[in-house]
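Everything on this sheet refers to the single structure shown next.
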Amino acid sequence: MNENRFKKKKILKIVGSLIALAGLAAAIAGFADMGIAVKERRFPELFFLLIVGFPCIAIGSMIALSGFRAEIVKGTVKDIAPALKELNDVVTTTTEKEATEIACPRCGALNRSDSVFCYKCGAALCRECPECGKIADFRDEYCTKCGKKL
């Protein structure tokens, strides 16, 4: 990370934290004055501190969080990376398995892609091209060697 960006992030963290803390202090003072005012049966003089304090807490927190954004993202990625890897492994394995298996046209059983006959019902899983003799998948409509209709 370049030095200028590091300084900006540090400033955001410090300024945001200070604004949030100032807002918290103002809100606490406003609540304290309100409690005393209710007890003394008078109008709270520092009520405006509540009105100022809460937005300062929110704005300061957002500024500070923008300074911590990279750390938050890295932590989140570190936490979810194992789950994403597991999901990727499941999807990849399923896709590879489906790509290496062929369904029998008669009974639908999944057979290895290099099978010639179905292991369950014995149906042919391939056929020979009448023109050139190349073995073709039963799903092929045309020969991949000579182009003739099967």
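The values are calculated or read from the model by the stated rules, or taken from the named source; none is laboratory data. Bear in mind the structure is a predicted one, so any value in this text is a computation, not a measurement. Note that each Cβ is placed from the backbone with ideal geometry, even for glycine, and that neighbours are counted across all protein chains shown.
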Filter result for Asp89 (outside the structural domain of Asp114 (by TED's automatic domain parsing), surrounded by fewer than 10 Cβ atoms within 10 Å (Cβ to Cβ) and out of contact with any Pro (no Cβ under 9 Å at 6 or more places or on another chain)): no
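Is it the case that region 23-41 has a residue that's surrounded by 12 or more Cβ atoms within 10 Å (Cβ to Cβ) and either within 28 Å of the chain's Cα centre (by Cα) or outside any helix (DSSP H, G or I) (or both)? Walk me through it before giving the result.
Keep residues of region 23-41 that are surrounded by 12 or more Cβ atoms within 10 Å (Cβ to Cβ), which gives 23-34, 36-37.
Add one more test, that the residue is either within 28 Å of the chain's Cα centre (by Cα) or outside any helix (DSSP H, G or I) (or both), and what stays is none.
No, that holds for no residue.
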Pairs, first under 25 Å from Cys146 (Cα atoms) and modelled with pLDDT under 90 in region 106-135, second outside any loop (DSSP other than H, G, I, E, B) and of a type in the set (Ser, Thr, Tyr), C-beta under 8 Å, six or more apart: Ser113/Thr100
Unique match (being without any contact (Cβ under 8 Å) to a residue 60 or more places away in the chain, aliphatic (A, V, I, L, M), within 30 Å of Ile19 (Cα to Cα) and assigned to a helix (DSSP H, G or I)) among Ile51, Ile80: Ile51
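Residues of region 129-150 being among the hydrophobic types (A, V, I, L, M, F, W, C) and closer than 20 Å to Cys104 by Cα, which ones?
Across region 129-150, the qualifying residues are Cys129, Ile135, Ala136, Phe138, Cys143, Leu150.
Looking at region 59-70, is at least one residue surrounded by fewer than 10 Cβ atoms within 10 Å (Cβ to Cβ) and either farther than 30 Å from Arg5 by Cβ or among the polar types (S, T, N, Q) (or both)?
Of all residues in region 59-70, those surrounded by fewer than 10 Cβ atoms within 10 Å (Cβ to Cβ) come to none.
Looking through region 59-70, none of the residues is surrounded by fewer than 10 Cβ atoms within 10 Å (Cβ to Cβ) and either farther than 30 Å from Arg5 by Cβ or among the polar types (S, T, N, Q) (or both).
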